[in-house]
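The values are calculated or read from the model by the stated rules, or taken from the named source; none is laboratory data. On a predicted model such as this, the values are computed, not experimentally measured, just so you know. Backbone-built Cβ (ideal geometry, glycine too); neighbour counts: all protein chains shown.
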Amino acid sequence: MQSDNLFDDHKPALKQSPLADRLRPKFIEEFYGQQDILSKNSILRNAILHDKVGNIIFSGPPGVGKTTLIEIISSYTRAEMIKLNAVLSGVKELRNEILLAEERWRKSKRKTILFIDEVHRFTSVQQDALLPSIENGTIIFIGATTENPRYAVNKALLSRSRVFKLSPLNEIDLKKIVKKVINYYQNADIKKNINITQEALDHLINFSSGDARNLINALELAVDTTSENEDNIVQINLSTAKDSIQNKNIIYDKYGQNHFDIVSAFIKSIRGSDPDATLYWLANMIEGGEDPDYIFRRLLISASEDIGLADPNAIVVVNSCYGAFEKVGYPEGYYFLSQASLFLAISPKSNSTKYIFNAIETVKSNKLSLVPDHLKYKSKTYKNPHNYKKNDLVQKYMPNNLIDHKIWHPSNSGWEYDKS
C-alpha cells in the first residue's frame with residue numbers, strides 16, 4: 001500500500017474541495033476552541049510546538065478539531081506522518097506501514113507518526129498488531145475516535161496512550177469561525193460581501209451543536225445558494241439559515257462519550273429532584289434514538305439506588321411503566337417514560353440500599369465470623385419473635401465478633417425515616 005502522507009493530502013488545493021477543508025488551520029495559533037487542553041504552557045501545546053508528541057488518542061464528537069489537530073501536528077513535526085483509515089485498512093496495510101517505518105528509521109533516523117482515523121473501528125487483532133511497534137518505538141501512535149476510548153479501544157493500547165477529550169465548540173469560538181468564513185469570501189477571487197442577521201447567526205450557532213464543520217458547511221450552502229441583492233450583498237436571513245442547516249441540535253451517539261454524559265446528566269437530575277432537567281435529558285435520549293429498554297433499565301437502577309426505601313413503590317411504578325411501554329410502544333410510550341422519570345424525580349430520596357456494599361466488605365474482612373448457635377438450622381435455643389410481644393424479646397442476630405457492628409444507616413427521608 002502506498003503511504004498516505006498528510007503533507008501531501010492537500011497539495012492540489014482544489015477549489016472544489018469543501019470550504020471546511022480549505023479553511024482548516026495549519027498552525028496552532030489559528031486553532032479555535034479546546035482551551036482545556038491547548039492553553040498556553042499546556043502539555044499538548046508544548047508537545048506539538050517542540051515536536052515531542054507521544055502516543056495520543058483524540059476523542060470527541062464530529063467537527064471539534066480532531067483531524068485538524070493532526071494536520072497541525074504534521075506542520076510542526078520532522079517525523080513522517082502516515083494516515084490510515086480504520087474502515088479501509090486491514091492488518092496487512094498496517095504491517096506494511098510498520099515495515100516502512102522500520103526501514104525509514106534505519107536509513108534516515110526519521111521517526112514515523114502513524115495516525116489511525118476512526119481507531120475504534122479497528123478490531124482487537126488490528127489494535128494488538130500496533131503494540132509491539134509502539135513498545136519498541138518504531139512508530140508514534142495517534143488515534144482519533146468519536147467513541148469513548150474506555151469502551152472502544154482495548155486496554156493494552158489505551159494504557160500506552162494519553163487520551164485528550166475534545167468538546168463541542170462554544171459560542172465565542174463558533175462566532176470566530178463565522179467571521180473567518182465571511183473574511184474568506186470577502187477576499188476570494190470572486191469577492192462576495194456577506195451580511196448575516198442576528199437571528200440567522202443565533203440559529204446557525206444554536207443548531208451547529210458545537211460542530212465547526214457543520215457550521216461552515218451550512219454557511220457555504222447559504223452563501224452559494226443566495227443571490228446578491230441590489231447592493232451587491234449576500235443577505236443571510238433566518239429563513240435561509242433554517243434551510244441551510246439540519247434542524248437538529250442534539251449530539252447523541254449511542255456508543256460514544258456523549259451518550260454516557262447525557263445518561264449521567266439524566267440520572268443526576270433525577271437524584272437532584274429536578275423534573276425539568278429530567279425531562280430535558282430524557283428528550284435528548286429519545287430524539288437521539290436511544291433504546292427505550294436501556295432507559296428503563298437505568299430508571300430501575302435509580303429507583304433502588306436513589307429512591308430506595310424512601311418510597312418502596314418507586315421500583316413498582318417504573319416496572320409497571322416498563323411493562324406498559326412494551327405493550328404500547330412509541331409514540332404513546334413517551335407517556336410511560338415520562339411518568340416513570342418524573343415519579344423518580346419528585347420522590348423522596350434515599351441511597352441506603354448502598355449499604356449492601358458495606359456488608360460485603362464486612363464479610364470479606366471478617367472471614368472467621370461464625371453463625372451463633374441460636375441462629376443455626378434446627379437450633380433449640382432460637383426464640384421466634386412471633387411468640388413475643390413487641391419489645392419483650394432481646395435477641396442478637398449478628399455474629400458474636402460483630403455483635404454491635406452497625407451496617408445499615410437509614411435516611412431521614414420518606415417511608416424509611418426512623419426505621420432503624
Tally up the residues in region 319-373 that are out of contact with any helix residue (DSSP H, G or I) (no Cβ under 8 Å at 6 or more places or on another chain), closer than 21 Å to ASP276 by Cα and assigned to a loop (DSSP other than H, G, I, E, B), please. 2
Could you check, for region 179-193, whether at least one of its residues is charged (D, E, K, R), surrounded by 19 or more Cβ atoms within 10 Å (Cβ to Cβ) and modelled with pLDDT of 90 or more? no
Residue hits (region 292-318; part of a helix (DSSP H, G or I) and of a type in the set (D, E, K, R)) are ASP293, ARG297, ARG298, GLU305, ASP306
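Residue-wise test of (1) touching a residue at least 24 places away in the same chain (Cβ under 8 Å); (2) part of a strand (DSSP E or B); (3) surrounded by 15 or more Cβ atoms within 10 Å (Cβ to Cβ).
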position: LYS83; (1), (2), (3): yes, yes, yes
position: LEU88; (1), (2), (3): no, no, no
position: GLU97; (1), (2), (3): yes, no, yes
position: GLU103; (1), (2), (3): no, no, no
position: ARG106; (1), (2), (3): no, no, no
Which numbered condition ILE37 fails, given (1) of a type outside the set (Phe, Trp, Tyr); (2) part of a loop (DSSP other than H, G, I, E, B); (3) in contact with a Phe, Trp or Tyr (Cβ under 9 Å, 6 or more places away or on another chain): (2)
Which residues, taken from region 151-193, are more than 30 Å from SER227 (Cβ to Cβ), part of a helix (DSSP H, G or I) and among the β-branched types (Val, Ile, Thr)? ILE172
Of the residues GLU220, GLU171, which single one is farther than 17 Å from LEU23 by Cβ and of a type in the set (Asp, Glu)? GLU171
Counting only residues that are within 18 Å of GLU326 (Cβ to Cβ) and at pLDDT below 85, how many does region 255-288 have? 0
Which one is surrounded by the fewest Cβ atoms within 10 Å (Cβ to Cβ), of the residues in region 137-157 that are over 15 Å from PHE115 (Cα atoms) and hydrophobic (A, V, I, L, M, F, W, C)? ALA156
Which one is nearest to THR353 (Cα to Cα), of the residues in region 288-340 that are over 25 Å from the mean Cα position of the chain (by Cα) and among the β-branched types (Val, Ile, Thr)? ILE307
Region 100-138 - residue that is among the aliphatic types (A, V, I, L, M) and more than 28 Å from the chain's Cα centre (by Cα) and, of those, farthest from THR68 (Cα to Cα): LEU100
